[in-house]
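Asks: Following this message is one structure expressed as structure tokens.
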Amino acid sequence: MTSDGYFLRVCDQGNPDGYRVVARLVKGSFYDQTQNVGGSGSCVGGSEDGYTSGWLDSPITGTYTLTVCLRNGAGGMDFACDSRKFYHDGSS
């Protein structure tokens, strides 16, 4: 996270299994989701790919929830989810 933007990078590090990794970043009404559809051993998004995922809604300072799940195909159900809350003070 930066002072006004964020990078959401999603990687699939496991053995090939046909599932995709889905990450969601939430704070109040702010919501963003990124999916890695590249398969095992690939990553999508983030500063390593040279672009900002998006800009944060004001107020930037606050508690965010990052949830990561596996999904069975594009329209499948999410499972094996894990969530973590963290506080962002608005600085870079």
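Asks: Let me have the relative contact order for the chain, percent, based on Cα pairs under 8 Å that are six or more residues apart.
Replies: It rounds to 33 percent for the chain.
Asks: Skipping prolines and chain starts, which residues have an amide H placed within reach, meaning under 5 Å, of the one on G76, given they are 5 or more residues away or on another chain?
Replies: Counting only residues 5 or more places away or on other chains, the set is empty.
Asks: If the only charges are +1 at each Lys and Arg Cβ and -1 at each Asp and Glu Cβ, what is the size of the charge dipole of the chain around the Cα centre, to the nearest 20 debye?
Replies: I would put it at about 200 debye.
Asks: Hey, what do the phi angles of the stretch 86-92 turn into as Karplus ³J(HN,Hα) couplings, whole Hz, using 6.51/-1.76/1.60 and θ = phi - 60°, x for Gly and Pro?
Replies: Residue by residue, the stretch 86-92 yields 8, 9, 10, 8, x, 8, 6 Hz.
Asks: Report, by chain and number, residues whose modeled amide H sits under 5 Å from the one on G90, excluding near sequence neighbours (fewer than 5 apart, same chain).
Replies: G62
Asks: Figure the gain on full extension for W55 and Q13 (residue separation times 0.36 nm, minus the Cα-Cα span) and round it to one decimal in nm.
Replies: 12.4 nm
Asks: What order do L70, L25 take when sorted by accessible area (1.4 Å probe), most exposed first?
Replies: L70, L25
Asks: Please turn the phi angles of the stretch 34-45 into ³J(HN,Hα) values with the Karplus equation 6.51 cos²θ - 1.76 cosθ + 1.60 (θ = phi - 60°), one per residue in order, whole Hz, x for glycine and proline.
Replies: Running phi through 6.51 cos²θ - 1.76 cosθ + 1.60 with θ = phi - 60° gives 10, 10, 9, 9, x, x, 4, x, 10, 10, 9, x Hz.
Asks: Between F79 and S29, what is the label-point separation in nm under the 7 Å Cα-to-beta-carbon projection?
Replies: If labels sit at S29 and F79, their model points lie 3.5 nm apart.
Asks: Could you give each residue of the stretch 69-78 its phi-based ³J(HN,Hα) in whole Hz, using Karplus coefficients 6.51, -1.76, 1.60 with θ = phi - 60°, and x for Gly or Pro?
Replies: 9, 9, 9, 8, x, 4, x, x, 7, 6
Asks: Pick out which of S29, S58, S40 has the largest mean-square fluctuation in a Gaussian network model of the chain, springs linking Cα atoms closer than 10 Å.
Replies: Maximum among the listed residues: S29.
Asks: Consider the candidate values (i) 29, 16, 10; (ii) 25, 15, 10; (iii) 27, 17, 11; state which one is semi-axes √(5λ) of the Cα gyration tensor in Å computed from the structure displayed.
Replies: Recomputing semi-axes √(5λ) of the Cα gyration tensor in Å here picks out (ii).
Asks: Note down the nm distance, to one decimal, between modelled labels 7 Å out along Cα→Cβ at S47 and at S91.
Replies: Those two pseudo-labels are separated by 1.5 nm.
The values are calculated or read from the model by the stated rules, or taken from the named source; none is laboratory data. As the structure is a prediction and not an experimental result, all values here were calculated from the model. As a convention, Cβ positions derive from the backbone with ideal geometry for all residues, glycine included, and neighbour counts pool all protein chains shown. Surface areas here come from the heavy atoms of the whole protein model, side chains and all, with no ligands, DNA or RNA. Shrake-Rupley method; radii C 1.70, N 1.55, O 1.52, S 1.80 Å.
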